[in-house]
1. May I ask you to verify whether Tyr123 is of a type in the set (Phe, Trp, Tyr), closer than 25 Å to Ser23 by Cα and surrounded by 13 or more Cβ atoms within 10 Å (Cβ to Cβ)?
2. Filter segment 91-111 down to the residues that are without any contact (Cβ under 8 Å) to a residue 60 or more places away in the chain and open to solvent by less than 40 Å² (accessible area, probe 1.4 Å), then identify the one that is nearest to Phe59 (Cα to Cα).
3. Give all pairs with beta carbons closer than 6 Å in which a residue from segment 26-55 that is under 21 Å from Gly68 (Cα atoms) meets a residue that is assigned to a loop (DSSP other than H, G, I, E, B) and open to solvent by 30 Å² or more (accessible area, probe 1.4 Å); count only pairs at least 6 apart in sequence or on separate chains.
4. Which one of the conditions (1) in a strand (DSSP E or B); (2) modelled with pLDDT under 95; (3) in contact with a Gly (Cβ under 7 Å, 6 or more places away or on another chain) does Leu143 fail to meet, given that it meets all the rest?
5. Quick one: Gln83 ticks every box in (1) out of contact with any helix residue (DSSP H, G or I) (no Cβ under 8 Å at 6 or more places or on another chain); (2) modelled with pLDDT of 95 or more bar one, so which box is it?
6. Taking Asp147 and the conditions (1) under 11 Å from the mean Cα position of the chain (by Cα); (2) open to solvent by 30 Å² or more (accessible area, probe 1.4 Å), which numbered condition does it fall short on, given that it satisfies the others?
7. When you check Gly132 against the structure, is it more than 18 Å from Glu25 (Cα to Cα) and of a type outside the set (Asp, Glu), yes or no?
8. Take the residues of segment 1-27 that are open to solvent by 30 Å² or more (accessible area, probe 1.4 Å) and closer than 13 Å to Asn116 by Cβ: which is farthest from the chain's Cα centre (by Cα)?
Amino acid sequence: MVELREITKENYEECLNLKVAESQECFVSSTVHSLAQAWVYRDTAYPFAVYADGTMVGFIMLGYYEVGKYYTLWKLLIDEKYQNKGYGKKALRLGIDYLVEHFNVKEVYTAYYTTNRIARELYKSIGFRETGEIVDNQIGMKLIISDMEMQ
């Protein structure tokens, strides 16, 4: 069973030890950096540890981007030891469910680096579609929640 859990004083050090493969480090911030951002943006950032059957396997952070006035998938990483088991897709769905339940969102935005085909395929698999925006070598994507529910 995959679930999202709050980052607490009991689990934050374990979260800090999550690592992606070296070849993926250019695509996602470390959890150290991400948790620092979550603290700075604590009013609009929603970080969670991803657990599978009681074991921490990853990290996801969602947020509200005040400048653009939209909710976003900000960070997602699955530790290199636990990749290719479907945890990323389940965590992504749970994160989106959190935004829907707590903020009644109708759409969620994210972006992926142009060379990160794995992220592109993951996002597309649950209904994200490219927006046509490219900023800092990242391609914007948007998920309309009703599209995800039909998947």
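The values are calculated or read from the model by the stated rules, or taken from the named source; none is laboratory data. Please read all numbers here as calculations on a predicted model, not as lab measurements. With ideal geometry, Cβ positions are generated from the backbone for all residues, glycine too; neighbour counts draw on all protein chains shown. Only protein heavy atoms, including side chains, enter the accessible area calculation; ligands, DNA and RNA are left aside. Shrake-Rupley method; radii C 1.70, N 1.55, O 1.52, S 1.80 Å.
1. yes
2. The selected residue is Leu92.
3. What qualifies is Pro47/Ile7.
4. Failed condition: (2).
5. Among (1) out of contact with any helix residue (DSSP H, G or I) (no Cβ under 8 Å at 6 or more places or on another chain); (2) modelled with pLDDT of 95 or more, Gln83 violates only (2).
6. Against the list (1) under 11 Å from the mean Cα position of the chain (by Cα); (2) open to solvent by 30 Å² or more (accessible area, probe 1.4 Å), Asp147 comes up short only on (1).
7. Answer is yes for this residue.
8. From segment 1-27, those open to solvent by 30 Å² or more (accessible area, probe 1.4 Å) are 1, 3-10, 12-14, 16-17, 19, 22-27; that's our starting set.
Those still in the list that are closer than 13 Å to Asn116 by Cβ too: 23-27.
Numbers: Ser23: 18, Gln24: 15, Glu25: 15, Cys26: 16, Phe27: 12 Å.
Among those that are open to solvent by 30 Å² or more (accessible area, probe 1.4 Å) and closer than 13 Å to Asn116 by Cβ, it is Ser23.
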